[in-house]
1. Got at least one residue in the stretch 103-113 being within 16 Å of the ligand (Cβ to nearest atom), surrounded by 18 or more Cβ atoms within 10 Å (Cβ to Cβ), of a type in the set (Phe, Trp, Tyr) and under 17 Å from the mean Cα position of the chain (by Cα)?
2. For the stretch 273-292, what are the residues that are touching a residue at least 12 places away in the same chain (Cβ under 8 Å), away from the ligand (no atom under 16 Å from the Cβ) and outside any helix (DSSP H, G or I)?
3. Would you check if there is a residue in the stretch 333-340 being under 24 Å from Lys53 (Cβ atoms) and within 16 Å of the ligand (Cβ to nearest atom)?
4. Within the set of pairs 6+ apart or on separate chains, which have a first residue in the stretch 334-350 that is in the same structural domain as Gly40 (by TED's automatic domain parsing) and closer than 15 Å to Gly68 by Cβ, a second that is among the acidic types (Asp, Glu) and assigned to a strand (DSSP E or B), and C-beta atoms under 9 Å apart?
5. Would it be correct to say that Asp311 is crowded, with 24+ Cβ neighbours inside 10 Å and in contact with a helix residue (DSSP H, G or I) (Cβ under 7 Å, 6 or more places away or on another chain)?
6. Please work out if Ala85 is assigned to a loop (DSSP other than H, G, I, E, B), at pLDDT 95 or above and buried (at least 24 other Cβ atoms within 10 Å of the Cβ).
7. All but one of (1) in contact with a strand residue (DSSP E or B) (Cβ under 8 Å, 6 or more places away or on another chain); (2) closer than 25 Å to Asp117 by Cβ hold for Phe272; state the number of the condition that does not hold.
8. When you scan the stretch 261-282, how many residues do you find that are of a type outside the set (Val, Ile, Thr) and under 18 Å from Ala231 (Cβ atoms)?
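The values are calculated or read from the model by the stated rules, or taken from the named source; none is laboratory data. Predicted, not measured: the structure shown is a model, and the values here were computed from it. Cβ: placed from backbone, ideal geometry, glycine included. Neighbour counts: every protein chain shown.
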Amino acid sequence: MKRCLMLSLFFAGLLAVQAAPKDSLAQAGSKKYILVIHGGAGTILKSQMTPEKEAAYRAGLQRALDAGNTVLKNGGKAIDAVQAAIQVMEDDPHFNAGKGSVFTNEGKNEMDAAIMDGKTLKAGSVAGVTVVRNPITAARAVMDKSEHVLLAGRGAEKFAAQNGCTIVDASYFYTEDRWQGLQKARALDSEKSRLDHDSAHAFLKQPGNRDYKYGTVGAVALDMEGNLAAATSTGGMTNKKFGRVGDAPLIGAGTYANNNTCAISCTGWGEFYIRLVMAKSISDRMELAHQTLQQASDEMIMRQLPALGGDGGMIAVDKDGNFVMTFNTAGMYRGFVKSTGETGIEIYQP
Ligand code: ASP
């Protein structure tokens, strides 16, 4: 009887092995993955959007989702999926990253980017780069090919060039829209700075500047192997001065991934995200206080961030595939795609 049972178990096993799909895609298909992206948060109001502009944003987000989804559905890594999605948005002038980055007070484009692997906790980032076509590729090179985490300015550019990143003339990043944004910000800033030294604060509080938004791009993913990754890329904030660096390239502030908890990419008023150590605080709340991703992100974005005077949003996915797209501004460009085929793109408050 016992022998009979063993034999049937043996044949059942054999059948299972034979029935197993041969190609890795079908095999992997039984496992879940998810990609979530953002294209910045801010005062994004339907009343101020033209149908053409909205369609262009939606198309840009869709292209980014498609690029990351292609990686994930073929069994690729979360780290490659987030990079692929970011690169698409860096090439799209609608977003404040790569082509389309905002201008500094001196009329330059200085970009920050970061990427982090939740499995190894390896991370790479660059700050204040001006000639790297896709700053996220430089961040990835720092992670993969250097013993460092964050490289800044000329050194970062030299390293990027030596490691095969595409280098362009700084004029590549010029867009008329962003240039006009700087003129407007300069006008508001110079008026106000006489009264208030906190110029960024003054600029954002100006009623005439209602169309201001944080156009940073970000992506987070969980792949079929259960690994998490996060990436963020930005031109920073319009009219920034003195080599200002935001939260995006600071691991634990604007970008963080840890397989024990979640992967996070933030967008918003960077100074506040840095002071709150935003992304790591959310991860810690999950790991140490056993909060859910939803609870931890609500606490940080909806309570602690505004309590300090900041605003913005974030996207995150946890190790079980739960995700959030949390923001305390009027809107946030955002989208997701899952292995189940569920997908969506949103811009305004629900
Ligand atoms: N967080 C970015 C920064 O402060 C700005 C953004 O999200 O658009 O540099």
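1. Checked against the condition, which is being within 16 Å of the ligand (Cβ to nearest atom), surrounded by 18 or more Cβ atoms within 10 Å (Cβ to Cβ), of a type in the set (Phe, Trp, Tyr) and under 17 Å from the mean Cα position of the chain (by Cα), the stretch 103-113 yields no hits at all.
2. Thr292
3. So the first thing to find is which residues in the stretch 333-340 are under 24 Å from Lys53 (Cβ atoms), and the list is 333-337.
Remaining after also requiring within 16 Å of the ligand (Cβ to nearest atom): 333-334.
Yes, the stretch 333-340 contains at least one residue that is under 24 Å from Lys53 (Cβ atoms) and within 16 Å of the ligand (Cβ to nearest atom).
4. What qualifies is Arg334/Glu346; Gly335/Glu346.
5. In short, no.
6. Here the answer is no, as Ala85 does not meet what is asked.
7. So the condition that Phe272 fails would be (2).
8. Number of matching residues: 10.
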